[in-house]
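Each remark here refers to the structure printed beneath this line.
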Amino acid sequence: MDGHPSPRSHHQPPPPERDGSFNYDIESMDGGGSGGAWRGRYESSEALLRYDDEASGGPRQPLLRKRTMNTTSQIAIVGANVCPIESLDYEIVENDLFKQDWRSRKKKQIFQYIVLKWALVLLIGMLTGIVGFFNNLAVENIAGLKLLLTSDLMLKQRYFTAFLAYGGCNLVLATTAAAICAYIAPAAAGSGIPEVKAYLNGVDAYSILAPSTLFVKIFGSILGVSAGFVLGKEGPMVHTGACIANLLGQGGSRKYHLTWNWLRYFKNDRDRRDLITCGSAAGVAAAFRAPVGGVLFALEEAASWWRSALLWRTFFTTAVVAVVLRGLIEFCRSGKCGLFGQGGLIMFDLSSTIPTYTAQDVVAIIVLGIIGGVFGGLFNFLLDRILRAYSIINERGPPFKILLTMIISIITSACSYGLPWLAPCTPCPADAAEECPTIGRSGNFKNFQCPPGHYNGLASLFFNTNDDAIRNLFSSGTEKEFHMSTLFVFFTAIYCLGLVTYGIAVPSGLFIPVILAGATYGRIVGTLLGPISDLDPGLFALLGAASFLGGTMRMTVSVCVILLELTNDLHMLPLVMLVLLISKTIADSFNKGVYDQIVVMKGLPFMEAHAEPFMRNLVAGDVVSGPLITFSGVEKVGNIVHALRITGHNGFPVVDEPPVSEAPELVGLVLRSHLLVLLKGRSFMKEKVKTSGSFVLRRFGAFDFAKPGSGKGLKIEDLDLTDEELDMYVDLHPITNTSPYTVVETMSLAKAAVLFRALGLRHLLVVPKTPGRPPIVGILTRHDFMHEHIHGLFPNLGKSH
């Protein structure tokens, strides 16, 4: 090998020793050996990675009870599934193939790309709108039939049989939802918003947006909501929209024989990121029928990178969703959709109430905002603890996931059916705007066990779909409809059931439980402050929902617009803004937003837009570690195959050395996927000489090296090379990215982290400050900026903060 072994190992100074702990390395899928090592601490092989945020500055550990010795990747929890994760690469690989393709691209191809991009966002909007409508249609009919059956039995005074029918239906629906989730797509559990948020930040795992996840997300959400759980279908719709966008953007699914070669333009992470951002916005628009709110949700909560062109495409996507929903809802007004409700795009219309508010009302709103912040912070704290307890159960396997879901279903059915028996029967108001009592359909006045002419207020909230319960709480002109005791019981039950339901293996959203609980205590506050405030209790319910959303999710602009679009009540804009700002400010003093908290718990390496303060005390060279594996510009095939087999790295520096260059010189970075394609094409030479690259340029096109869809890429096991071929050479110059982003080793880690995040990088090369050394010190990857990794290297760092 001409006097120098390759691959070469440039060893870095060892990191500081950690006393009393066992050190281990988990090599990142992203690194080239340096900086790709993940260091942690085990006190024993079965130790529990605890979650602590002590005053000593200890890092928050992810929700993984046991890390196995994995030499290829990082792992994290996706849904309820522990799986390996990689980073996405938004950097443009400027190699000879890319430059040739860019120069040869004609106006026709550019026009075709633009048209296809708009056609895809149109399809995403249409499909997401159809799925959102289908979800609503299915839930209304399944839940409606279940409630009708129970009501018929109760009218015959067969109360125990009615409970068995109600609880039995709920149990069957819940068990089916948990079974398909646990066995087909564990990644579909939960809302999916933390996973989509992490994906748009640059974190990838095969199962996040897989077709099987999409299937389970749709049907599991329908079954879970129909089963009477205190959860919503709105969060899962965000994940559903992202899955639809991913399926279209990657050219379909080869596994399921759904592929389209004409989508080859989108075989890169940058375009898929844009499409999935549009999909997440479409999901919110379809769930809440709030197109502008969907755009703002994607901007405020989901996306990590944004630009004006993406705003325009996202807005177009959500507009398509609104048009599709409008058309389908109009079709259902003729009564052809079974028990589907008569509501239009405005789900909870409050426009008939025109509020005029005074200084006393503003004081009441401030009180509501403070309550929302306190309750929101407490909700996030308790949810964190409950999810950690559930993880111990869920990791024991699918049967335990299903058993936990069944237990929560039985508890929910017992509360929904049993608690209304504690409520008194109330005479129907003489001036009721609708039929009282309500028999055999949704409405404000549920008869339940009451005599004719009376209704049960608690049953009107419990014995409805969640959407109808919210509609009842938001209803105006109903000051005396609900007793104070009824509202207290309902709030306590919904708050607790919302907490214990979220962690089960069923697609579940947090929006609806939070809106329900917030609307309930908002109505309580409105009733208590009735003597000093002229606002309707229904408006207080809306403001209570806003305060709790601000306290749990910490979103402001998007939640404000979503609520206004939901209720068609623009007059409430100043009050909604005020209550959101107060509740978010109060809750931020306790903990993070619920989705940010769950991202950390799941172990997803999310990069914030700002660097941690302790990073200013370190430089880039402090966190890279060896050995670093590099290739020559013209490398022996056997050396490349050996390096690919013994590591899981996705990037390798390419270094030219004499006699090819006068001194060791960094050529650039070559990706693992590109090496595999090159080796598969067998473009080998018998002599170690640098070529013009024309043979590779004739043999391959730029699309041959495009990123395939999930799970479709070449693997080293797919190569079948002879011993003769392993002794040959291959020129890596044509496929090497000759302009990778580099930083000098003395750059502060904080500055490097901001650069890495802003540019959406997967690899950041660290070069030496002084001459006469190897031309590359190491590679920084996403994991090297993670809190727990840095504190594993430097345990005493940040104790003064």
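The values are calculated or read from the model by the stated rules, or taken from the named source; none is laboratory data. Keep in mind that what you see is a predicted model, and the values were worked out from it rather than measured. A quick note on method: Cβ atoms are made from the backbone with ideal geometry, for glycine too, and the neighbour counts reach across all protein chains shown. Only protein heavy atoms, including side chains, enter the accessible area calculation; ligands, DNA and RNA are left aside. Shrake-Rupley method; radii C 1.70, N 1.55, O 1.52, S 1.80 Å.
The table that follows gives values for the structure above.
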read-out: Shape category assigned to the stretch 121-334 from the gyration tensor of Cα positions, a/c cut at 1.5; value: prolate
read-out: Of every Cα-Cα pair in the stretch 565-622, the percent that sits beyond 19 Å; value: 59 percent
read-out: Accessible carbon and sulfur surface of the stretch 638-694 relative to its total accessible area, %, 1.4 Å; value: 51 percent
read-out: Spherically averaged projected area of the stretch 387-535 from its Cα convex hull (nm²); value: 10.0 nm²
read-out: Relative packing of 108-119, 305-316, 166-177, which averages over residues the other C-beta atoms within 10 Å, highest first; value: 166-177, 305-316, 108-119
read-out: Cα-based Lys pair tally, the stretch 121-334, threshold under 23 Å, eight or more apart or on separate chains; value: 9
read-out: Summed residue charge, Cβ within 11 Å of residue 190's Cβ, Lys/Arg positive, Asp/Glu negative; value: +1
read-out: Accessible solvent surface per residue of the stretch 634-735, calculated while the other protein chains remain in place, 1.4 angstrom probe, Å²; value: 46 Å²
read-out: The stretch 618-681 and the stretch 563-606: distance between their alpha carbon centers, rounded to Å; value: 46 Å
read-out: 1.4 Å probe accessible area per residue over the stretch 458-539, in Å²; value: 25 Å²
read-out: Within straight-line cross-link reach of residue 636, lysines at Cα separation under 22 Å, skipping those fewer than 8 residues along the same chain; value: 680, 686, 688, 690, 715
read-out: The stretch 634-735: Cα Rg divided by the 2.2 N^0.38 Å rule of thumb; value: 1.06
read-out: Neighbour cut-off at most 16 other Cβ (10 Å), DSSP loop, trypsin sites (Lys or Arg not before Pro), the stretch 356-411; value: 396
read-out: Whole-angstrom gap from the stretch 700-779 to the stretch 435-505, using each part's C-alpha centre; value: 59 Å
read-out: The stretch 121-334, relative contact order [Cα under 8 Å, separation at least 6], %; value: 27 percent
read-out: Accessible carbon and sulfur surface of the stretch 722-773 relative to its total accessible area, %, 1.4 Å; value: 57 percent
